[in-house]
Structure formats: structure tokens, C-alpha cells
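Let me begin by presenting the structure, written as C-alpha cells, before commenting on it.
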Amino acid sequence: MSESYSGIREQRKSAYYDLGGSSKTLAENFKNHCIASAERSFAQGRMCTAINGMAALMSLQDAAFIMHSPQGCTGCNVVAEDFYRVGQIHRGVKKIKSPHLLVTNIDGKDVVFGGEKKLIKAIHMVEERYHPKIIFIFTSCASAMIGDDVDSIVENEQQSVQSLLVPVHCEGFRSRINASGFDFAFIAISKYILKGKKQPKQKNLINLFAPTTVSFKDQLEIERILGLLGIQVNYIPFFSSLEGIQKITAAAASTSICKVFADQFMIELEEKYGIPYSHTVMPVGVRNTDIWLRGIAKVMHKEAEVEKLIEEEHKRIYPIILEIKKKLHGKRVFVAGGTGRSFAAAALVDDFGMVLAGLETPAYDKDAQDDVEYLNSIHSNFVMNIAQGQPFELLNILKRVKPDVFIGSPEWAGRLGIPTTHILDPKRPTMGYDGLLYLGYKIVEQLENPSYIKKIAAHAHLPYRESWWKEDPFKYIVYNEEGDKKNV
Amino acid sequence: MKGSISQPRFTCALGAQNTVLAIPHAIPVVHAGPGCAATVNTFTQAGYQGECYAGGNQIPSTNTNESHVVFGGEKDLRSEVEGAFKVMKGDLFVLLSGCTAGIIGDNTVSVAEEFAERGLPVVGAETSGFKGSSYVGHEIVVKAIIDQFVGNIEPNIEKGLVNVFADVPAQNPFWRGDLQQLKLLLEKLGLKVNILFGVTSTGVSEWKNIPNAQFNLIVSPWVGLETVEYLQKKYGTPFLHYPILPVGGEESSKFLREVGKFAGLDETFVEGVITAEEKIFYDYFVGTADFFATLLINLPYELYISGDSLTTFGITKFLENELGYIPRGIFVTDNPNQKNEEKVRSIFEREFPEYKDILSFEPDSEKIKLATEEKLQKTGRAVVFGSDWERNYTKASGNIFLYSSAPVNQQLILSKSYVGYQGGLKLMEDIYNTMFEGKTITGQTFQEKLGKQ
């Protein structure tokens with residue numbers, strides 16, 4: 001993440017967010033640098049960068065949060081509260097806390113006269129109420145458009161406030177790619193907490209960047225595996241603390257559980273602090289967990305140990321997988337999910353002997369190209385939809401593809417009567433060698449008695465015209481002129 | 001709107017997307033930042049109510065980007081609506097503006113008009129988040145639909161037809177069940193009910209029929225009052241303002257009696273309905289006498305409640321008036337503006353003259369915690385109604401917790417309602433059954449609790 005990196009993912013080179021077609025065509029076009037940038041002329045609601053920015057930081061201990069926005073922008077905090085509560089229960093916390101989040105409640109008057117006074121008041125209120133070590137201040141569409149100068153307020157108020165003030169610029173209109181919100185959070189951490197200061201390295205310490213959506217069971221599984229290699233983990237930023245963040249620059253290497261999480265930040269850590277990183281895949285399924293571990297081995301110089309571990313884990317896990325494989329072999333599956341998880345799930349399809357029929361994922365970039373080339377080598381041509389949300393396209397595709405199993409967000413495919421398994425489960429395991437088993441059993445359970453999902457399909461009314469099912473699902477993706485092709 | 005809030009019970013004016021979704025086969029088109037529709041949807045999923053017909057991630061949205069902010073976004077909104085008509089199947093499309101559109105000055109109402117002139121069912125409403133709470137947004141949208149979709153027509157009064165304005169959909173986690181039960185109650189009087197929202201509504205045909213009602217019924221201390229006043233002005237429809245949610249025997253009977261009188265129904269007929277309903281209700285009610293006598297020393301008798309004024313007053317009325325509870329803390333969280341706050345207070349004082357000092361208006365649940373947690377730790381015989389924000393510390397204090405308000409993440413709510421005679425009985429079951437679950441009052445006697453202090 002160089003000084004010039006804005007965090008806005010649309011500005012990255014060779015990254016596409018509005019795209020559709022067959023996997024072989026997309027891979028071929030990407031290779032030949034001939035994908036045009038596009039926009040949807042009709043779209044359904046996407047996600048807000050503020051959701052990701054807040055989710056990344058919300059569970060930090062000793063932290064408090066101010067959302068400088070109208071009331072509604074914190075709507076997602078009811079989910080954050082739920083994740084945080086369950087996260088604490090899983091971690092054995094006795095006295096369950098709520099996240100300390102205050103919303104300044106920008107109203108009609110503030111839109112005319114500015115909301116800076118409200119923010120200043122909120123900063124002092126939060127310090128007085130919670131005495132946090134650190135206060136994150138999130139901006140919003142409204143605060144930015146009315147011109148509130150949050151950076152200057154932070155600079156001024158920091159003189160009289162003990163808590164460290166950190167502004168995070170995550171106004172939704174800056175980017176339609178909600179993963180940009182992760183980058184906005186790391187840009188703020190880098191600028192206001194790490195500040196370029198170096199410290200002595202700890203030989204066996206690795207930064208493990210993980211978003212909120214990684215369950216505690218998954219954290220334990222990953223830490224178990226890395227513990228077997230003698231690696232100490234600085235698990236960041238979920239349930240971490242200011243000390244944990246400050247320790248980032250003491251690590252010998254970095255890696256991430258999710259591909260779109262901290263990817264640019266790890267580049268910056270290498271450039272500024274000489275910390276090498278491993279950026280491979282999400283550790284879901286046997287193949288991906290192997291790749292992920294080998295990536296870490298390389299930067300931690302543990303190649304021999306990792307190969308031994310992989311061999312032992314394979315011996316342990318394959319007989320159990322075989323049981324699941326007997327039941328799932330040959331089933332056609334459609335996968336939809338976030339960037340990391342969708343490709344990870346697509347890869348585990350192979351573990352269970354299933355056939356990949358289609359894939360929906362939010363971005364097509366160099367990383368995606370590597371995955372698609374691999375998937376193309378083991379599956380025949382499958383359909384790809386590069387979309388964030390957009391169930392109208394997905395449902396249109398599913399009606400054509402008619403998969404036996406759907407892995408992804410349940411409500412859409414469920415309405416078509418397709419047995420569905422959720423892969424984004426922040427409370428239950430999905431990762432590592434053992435997480436794979438949970439996923440496998442969940443799919444098997446769905447197929448054993450699908451009567452519930454069949455009943456849903458029989459009575460669900462979809463809000464789409466009959467004529468839409470006959471249209472090209474990618475009809476509303478409008479490509480720019482030939483001359484506007486992005487420089488791949 | 002008051003100042004900062006840390007643990008909110010409602011969302012912003014764009015919460016009105018749920019008002020649209022609550023009308024069967026109506027579709028909101030959100031002209032706002034990417035994620036506004038999803039964020040509002042997240043908050044309004046209290047009790048896992050599901051996304052209605054076209055909600056959740058299916059809501060069409062312009063997903064405002066930087067170029068809209070600089071150059072305006074009306075052009076993209078038009079393209080969005082054109083697409084929505086080709087792809088989606090709906091009886092009514094309501095264009096809603098978010099903060100970005102509101103600040104740029106994009107006019108959703110005039111864009112909607114362009115489509116309406118082509119004979120398409122399109123309505124526009126200015127619901128930027130900074131305009132206020134979900135309650136404010138709800139009234140803006142209801143008025144916009146009446147003005148732009150129902151329109152200026154000459155009423156053709158149908159005797160016995162009543163429009164009901166009772167609830168803010170999704171905001172109240174029990175809204176579906178509540179509206180269904182209110183409709184059932186009113187149908188007992190032989191009335192034809194335009195319930196307008198939810199599972200028992202027939203959709204836009206009910207809305208088209210609004211001007212023809214004999215009268216409007218508003219069941220709420222304040223939300224909807226502006227709407228019925230407006231309808232009186234526009235179509236000359238009289239309205240009955242019934243401020244308390246009817247829960248249990250006495251209040252349900254009073255409700256039927258007042259509605260019957262306002263509707264000009266035969267008094268003997270109405271009293272006949274009430275007698276029959278009360279017979280059943282009080283048969284069950286009296287049947288609990290043994291249970292009460294046996295477990296009296298362990299039964300809760302103190303009441304703490306927080307939530308929308310509508311639900312809060314309704315539950316309090318039944319518990320105070322029929323079950324012998326002592327209200328200890330009443331917190332109204334729906335943040336009415338100053339004018340309405342006076343109105344809500346005067347209703348409370350009229351209904352509960354002995355307890356007028358314990359009413360607070362508090363939209364921030366963290367402050368409710370500060371006001372109640374310590375007291376709860378000193379008692380073991382309270383029942384606390386509230387949201388997820390109150391659940392943890394209430395349960396930790398060994399008292400009974402029940403949901404009455406959003407957010408709700410730890411219960412699936414389908415047709416559940418405390419409205420009417422049946423609702424009162426359901427409420428009794430909920431309170432006293434919770435006693436037998438886990439470490440609540442039965443696991444820790446009154447004396448043990450006192451000994452702990």
C-alpha cells in the first residue's frame with residue numbers, strides 16, 4: 001500500500017467488477033488483455049464500504065467507535081453486536097460487552113450548517129463514557145458531502161483527548177466495492193498508529209490478518225496448525241487490541257486468511273518495514289489449505305516441517321472425506337460468495353468429487369485468473385458471474401444451470417428449491433482441514449431430506465417478470481467502447 | 001433529532017423501504033449510496049422476519065458513486081427505473097432518496113412523475129437519512145403514496161369499511177402478527193378492514209380503496225396521526241384515535257366498544273361480541289389461579305419495559321391493570337419530536353396516573369442500561385421487556401427477559417403477537433414459561449436473592 005494507494009478498488013489495475021460469461025472465455029480474454037470495463041445500467045443494492053471498515057475493527061478491545069453520520073448508517077451494528085456477543089461467548093468471556101459505538105446523528109440542520117460541533121462533542125462524550133485507548137471515527141456520505149473536515153478536527157482534539165483518535169474515511173459513494181472498506185481501515189491504521197516506526201523482529205511471530213467473518217473455531221484450527229509448526233500468531237484485528245496492532249511491525253512475516261483482506265496492507269508492510277508476506281488462497285478444503293500452508297512455510301522458512309505436517313494431515317483427513325465423497329460424488333454445484341470464499345469453495349468441490357456448474361464472485365483480477373485457470377483445468381466450461389449481490393442475474397443463471405447443490409447466500413437459491421449451504425458462517429467452522437468436514441456434512445444433510453427447500457420453492461413468489469428468465473442474464477452489463485478497455 | 005446515540009432502536013428515514021416492502025407486491029427503488037438499502041435491511045431484520053417480496057439484496061438501487069455526487073444522479077435513476085420495469089414484477093414502485101440524493105438535490109418525486117405520466121405505477125419520496133428516524137420516513141412514504149398513487153378522487157363511501165394505521169412495519173418486530181390480530185378483532189364487529197400492510201393485506205387494491213372508507217382508525221400514540229389528519233382534510237374521512245395497543249381482556253373489550261360506537265354499530269350486537277370473547281378469555285385467565293397460588297413467592301411482579309410507545313403502553317396496561325404488576329421503569333424509545341412527546345406523555349399520564357413519574361423518553365439503550373441494571377441486580381422478581389440491548393444484563397441479573405422491540409437477534413418471530421384476547425393469554429404463557437427455563441426465578445428463590453445483597 002504505497003502512499004498513493006487510495007483504497008478504492010475500482011482504481012486498481014486489471015480488476016473487473018461487472019462481468020459475465022463462460023469461465024474459458026473470461027480466462028482467455030483476461031490473458032489477451034481484452035476485457036472492457038463495464039457498468040450495470042440496472043442494478044440491485046450493493047454493500048457499503050463502511051460496513052467492511054467497521055466490521056474489520058469493531059471487536060478491538062479497549063476501542064470505541066464514532067460513526068459521523070445519520071442514524072441509519074449504523075444499521076449493521078446490530079449484526080456486529082451479535083457477532084461480538086457470540087464471539088465473546090465462544091472465547092469464554094463471562095461478562096458479555098456490547099461494542100462501544102456512538103452515532104452522531106447528522107440531521108437536516110447539520111446538512112445546512114455542518115456537523116463538526118456534533119462530532120467534537122461526541123469525541124469528548126466517548127472518552128468520558130468509555131475511557132478507550134483508541135477512538136476510531138468513521139466518516140459517511142453525509143459528513144463528506146457537507147464538507148465536515150474530520151482530519152482537522154482529529155488533529156485539534158487530539159491535543160485535549162487522551163485516547164488515540166483515528167479517522168477512517170469510508171463514505172459509501174467513494175467505492176462500490178465494499179472490500180475497499182477494509183483498505184480504508186488499514187490505511188488509517190498505518191497512518192495513525194504504525195506511523196512508519198520500526199521495531200526489533202520476533203523470529204517466530206506471524207501477523208495473521210482475519211476479518212470478522214472468521215469463526216473462533218476457525219481461528220483455533222488455524223492456530224492449531226501453525227502451532228504445530230512452532231509459529232506464534234498475532235491474530236489481527238479480530239478480538240485484538242491496540243497492543244496487538246502495535247505488534248504488527250515486530251512480526252517476521254504476514255499472511256491473511258481472506259484474499260481481499262489486508263492484501264495491499266501486507267505489501268506496505270514489506271515495503272516499509274521489511275516484513276515478507278504470503279498472499280495465496282483462503283484455507284478452505286484440502287488443496288487450498290495445502291497451498292496456504294506452503295505459502296507461509298516459504299516466508300517463515302519452515303518448508304520441511306510443513307511438508308511433513310501436510311502429509312500427516314492428509315493421512316488423517318482423507319479417509320473421512322471419502323465417506324462424504326461417496327454421498328456427493330457427481331453432484332453439480334453452483335458456488336456464490338465473497339472473493340476468497342467463492343474460489344475456496346469452488347476448489348473444495350473437487351475434494352468431494354462434485355462438478356462445478358457455475359461461480360459467482362465479486363471481482364475478476366490477477367488472483368481470480370490463477371484460480372479460474374486451475375478450475376478450468378479440472379472442470380469443463382462453467383458459467384461465471386462477476387457481481388456483488390445482483391440476485392436478478394444469479395436467479396436467471398440458476399434457472400438455466402439447474403444445479404443439484406448451491407453453496408452461497410441461502411435466500412435466493414432456496415426460493416428455487418435448490419438445496420443450499422452457507423459458506424460465509426462467522427459463527428461456525430469452515431476452514432482448514434477440519435472445517436471442510438463441517439461443510440461436507442452440511443451439504444449431505446441438505447440433500448438427505450430436501451423437503452423444506454422444496455416447500456419453499458412451491459410457495460415462493462419471485463419478484464421478477466416471466467420474460468426476464470428468457471433474457472440474457474448479463475443484459476444489463478454495459479461494456480464501455482473498445483477504446484476504453486482497461487489496461488490489463 | 002436528539003444528539004448522539006450509542007445503542008439505537010430504530011434506523012433512519014430510509015427505513016421507509018420497509019413500509020414499501022410491507023405492501024404486498026410493492027417494490028422500493030433506492031436512489032442512495034451502495035449499501036444503504038442493505039444496511040437498513042440489516043437493522044430491520046429483527047426476529048429474522050425475512051425480506052418480504054422484493055427486499056434484502058433484491059432492492060433495485062442506483063448505488064451512488066462519485067460521479068453522481070459531482071454531476072447529479074437523476075439520469076441513472078431513470079435508467080434504473082426503466083430496468084426495474086423490465087426485470088421486476090410489481091404493482092407499485094416507490095423511488096426513495098438517500099442522503100447523497102438529498103444533498104445533491106436529485107428530485108425523486110419529479111422523476112417519479114415522469115414515469116407516472118406514462119401511466120406507470122411510480123411514486124417518489126424524499127427519505128434521506130438525515131431527515132429523521134424510521135417513523136418519520138414511514139409517514140413520508142405513506143403520504144407520498146396517498147398523494148401520488150391514490151390521488152385526488154371523489155370518495156364513494158362504503159359503510160363498514162375501515163382503514164387501519166397502526167404500526168411501522170419491520171420496526172416493530174411483531175408487526176405482522178399485530179396487524180393480523182387487529183384485523184381479526186375488527187372483523188368480529190363485522191367491519192371490512194383495509195389493513196394496508198403485511199400478510200393479511202391484499203396489496204395496492206386496498207390502498208386504492210382508502211378514500212372510500214367510512215372511517216380511519218389509528219392505533220398508536222402518535223405515529224400515523226399526521227396521516228389520518230391529512231386524510232380527513234383530503235377525503236373528509238373521520239378518524240378514531242385509539243392510542244393504546246389492545247392487549248388482554250379489559251383493553252380488547254374497551255377497544256371493540258369504542259370502535260363499535262365510532263362506527264355507529266348496534267350496541268347490543270357489540271356487547272354480544274364482547275361477552276362471547278370475554279367468556280373464553282376469562283375462562284383461561286381464571287384457570288391460572290392454582291398456578292399463581294402455588295408459585296406466588298417466586299412469581300415476578302415488577303415491570304421494566306422499553307420500546308416503541310405503542311407496544312410499551314399496551315403491554316404495561318395489561319400487566320398493571322390485570323396481572324398486578326408494578327411498573328418500575330417505562331422507557332419510550334421511538335424518539336417522537338417535541339410536539340409529539342407532549343402528546344405521548346399526556347396519554348401515559350391519563351392511562352397510568354399513579355406512575356406518571358417513571359416514564360422516560362430515551363432512544364439510547366445504553367442509558368436505559370445505566371438507569372436499570374443496578375436495580376435489576378437487587379431484585380429477582382422483575383420481568384424486563386426490551387431488545388437485544390437489554391437481554392444480556394437482564395438474564396445475568398436472574399430476571400425474566402422477553403422481547404418487545406428491535407433489535408432482535410435471538411428469537412425467530414413469525415406470527416407472534418400480544419394483541420387482543422388471545423395475545424394477552426400468549427403474553428401470560430411467555431412470561432411464566434420463561435420462569436422454568438434456565439437460571440431464572442425458580443432456580444434462585446426470592447430469599448436467596450435477598451441474601452446475596
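Values in this text are rule-based calculations from the coordinates and carry no lab data. Note that the structure is predicted; figures quoted are calculated from it, not measured. Backbone-built Cβ (ideal geometry, glycine too); neighbour counts: all protein chains shown.
Considering only C-alpha atoms, what is the centroid distance from the range B:89-103 to the range B:361-436, in Å?
35 Å
On a 0 to 90 degree scale, rounded to 10, what angle separates helix B:338-351 from the longest Cα axis of chain B?
30 degrees
So what is the calculated 222 nm ellipticity per residue for chain A, using -39500 (n - 2.57) for each DSSP H run with n of 4 or more, over all residues, to the nearest 500 deg cm²/dmol? Don't jump to the answer; show the numbers that get you there.
Details: 19 runs with 214 residues, N = 488.
For chain A, the value works out to -13500 deg cm²/dmol.
Taking neighbour counts of Cβ atoms within 10 Å as a proxy for exposure, in what order, fewest first, do A:His461, B:His31, A:His169, B:His241 appear?
On the way: A:His461 11, B:His31 33, A:His169 23, B:His241 19.
Placing the least packed residue first, the sequence is A:His461, B:His241, A:His169, B:His31.
What angle do you read, to the nearest 10 degrees and between 0 and 90, between the alpha-carbon axis of helix A:216-228 and the longest principal axis of chain A?
Between the helix axis and the principal axis of chain A, the angle is about 90 degrees.
Give the distance, in whole Å, between the Cα centre of the range A:147-195 and the Cα centre of the range B:8-55.
First find each Cα centre; the distance between them is then 28 Å.
Exposure proxy check: A:Asp425, B:Asp106 ranked by fewest other beta carbons within 10 Å?
A:Asp425, B:Asp106
Hey, what angle do you get for helix A:391-401 against the long axis of chain A, alpha-carbon based, 0 to 90 degrees rounded to 10?
Here the helix axis deviates by roughly 20 degrees.
Cα atoms only, the range A:193-285: Rg and Dmax in Å?
Here Rg and the maximum Cα pair distance are 12.4, 38 Å.
In terms of modelled amide H atoms, which long-range or inter-chain residues lie less than 5 Å from the amide H of A:Ile134?
Long-range HN contacts for A:Ile134: A:Ala64, A:Leu164.
Order these by the 10 Å Cβ neighbour count, fewest first: B:Arg350, A:Arg332.
Least to most surrounded, the residues fall as B:Arg350, A:Arg332.
Would you mind checking which residues have amide H under 5 Å from A:Ser254's amide H? H placed 1.01 Å from N; only 5 or more apart, or other chain.
A:Asn207, A:Tyr277, A:Ser278
In whole Hz, what ³J(HN,Hα) sequence does the range A:292-308 give by Karplus (6.51, -1.76, 1.60; θ = phi - 60°), x for Gly and Pro?
3J(HN,Hα) across the range A:292-308, in whole Hz: 4, 5, 5, x, 5, 4, 5, 7, 9, 6, 10, 4, 5, 4, 5, 4, 5.
Tell me, what ³J(HN,Hα) does each residue in the range B:65-75 have, in order and in whole Hz, if you take phi through Karplus 6.51 cos²θ - 1.76 cosθ + 1.60 with θ = phi - 60° and put x for Gly and Pro?
10, 4, 5, 4, 4, 7, 9, x, x, 5, 5
Could you grab the Rg to Rh ratio for the protein assembly as shown? Cα atoms only, Kirkwood for Rh.
On the way: Rg = 28.6 Å, Rh = 29.4 Å.
We get a ratio of 0.97 for the protein assembly as shown.
Report the per residue volume, in Å³, of the convex hull enclosing the C-alpha atoms of the range B:214-358.
Roughly 112 Å³ of hull volume per residue.
Hey, how many Å between the Cα centroid of the range B:294-328 and the Cα centroid of the range A:276-355?
55 Å
Distances longer than 31 Å among the Cα atoms of chain B: what percent of all pairs is that?
Within chain B, distances greater than 31 Å cover 43 percent of Cα pairs.
Would you work out if the range B:293-405 is rounded, prolate or oblate? Take a ≥ b ≥ c from the square roots of the eigenvalues of the alpha-carbon gyration tensor; rounded if a/c is under 1.5, else prolate when a/b is larger than b/c, oblate otherwise.
Oblate is the answer for the range B:293-405, as a/c is 1.5 or above yet b/c matches or exceeds a/b.
Taking the Cα atoms of the range A:50-181, report the difference between the largest and smallest coordinate on each principal axis, in whole Å and largest first.
47, 36, 23
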